[in-house]
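Here is the structure we will look at.
The values are calculated or read from the model by the stated rules, or taken from the named source; none is laboratory data. Since this is a predicted model, take the numbers as computed values, not measurements. When we count neighbours, we look across all protein chains shown, and the Cβ atoms used for this are built from the backbone with ideal geometry, even at glycine.
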Amino acid sequence: MPKGILKYRLYQRENKENPEEDAKWYARSAPDRTMDFEDLVSHMSEHNSPYSRGVIHGVLTDMLDCVKELVLDGKNVRLGDLGLFSVGISSKGALTSEMWKVATHLRGVHLKVRNTKTWSNTELRNSCTIEELSKYTTGDEEAKDETGGGEADA
């Protein structure tokens, strides 16, 4: 498999716990495009697949429905090397277990995806190169290219 290229943008953030500290710069992943479901289906069918777009679409649609059903039923679903899908919750604390109530303490429910042994963070890092997508600006500033002219791709 060829190496991928992960793109990032830099952003500056102040330390909320210590506002006197100088703001620091951090990297944030910056996808250059979002592939929708139909794009994925087309991509798969064009990868020397003996299956038509329709077959791939149907199988993936059924798989997504089943993963959702199983995860919402409290099961973890491992999709090979892609990851382990499960539901997570976030909540506020209560002084005692008897005082904890869903209506007042539950903050949210979210989908969790964890990588697997064969697709670890180390493997991801070794399988790609990292490069800056474009300069990151805030507010009403215009992103300029390195020569100072023109707007950068956003």
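Condition check: in a helix (DSSP H, G or I) and either exposed (fewer than 12 other Cβ atoms within 10 Å of the Cβ) or not aromatic (F, W, Y) (or both). Does E98 satisfy that?
no
Spot the failing condition for G108; the list is (1) of a type outside the set (A, V, I, L, M, F, W, C); (2) exposed (fewer than 10 other Cβ atoms within 10 Å of the Cβ); (3) part of a loop (DSSP other than H, G, I, E, B), and only one is missed.
So G108 meets the others, but not (3).
Identify, by number, the condition in (1) over 27 Å from R125 (Cβ atoms); (2) modelled with pLDDT of 90 or more that P19 doesn't meet.
(2)
G58 - would you say it is of a type in the set (G, A, S) and in contact (Cβ under 8 Å) with a residue 12 or more places away in the chain? Even if it seems obvious, please write down each step before you answer.
Working: of a type in the set (G, A, S): yes; in contact (Cβ under 8 Å) with a residue 12 or more places away in the chain: no.
Spelling it out, it is not the case that G58 is of a type in the set (G, A, S) and in contact (Cβ under 8 Å) with a residue 12 or more places away in the chain.
Show the residue pairs meeting these rules: Cβ distance below 9 Å; 6+ apart or different chains; first residue within the range 71-90 and closer than 14 Å to N115 by Cβ; second residue loosely packed, with under 12 Cβ neighbours inside 10 Å and among the hydroxyl-bearing types (S, T, Y).
Filtered contacts from the range 71-90: G80/T118; D81/T118.
State all residues of the range 93-131 that are at pLDDT 85 or above and among the acidic types (D, E); if no residue qualifies, say none.
Answer for the range 93-131, where residues must be at pLDDT 85 or above and among the acidic types (D, E): E98, E131.
Looking only at the range 105-114, decide whether some residue is touching a residue at least 24 places away in the same chain (Cβ under 8 Å) and not hydrophobic (A, V, I, L, M, F, W, C).
Yes.
Please work out which one of (1) at positive phi; (2) surrounded by fewer than 10 Cβ atoms within 10 Å (Cβ to Cβ) is the condition H47 fails and give its number.
(1)
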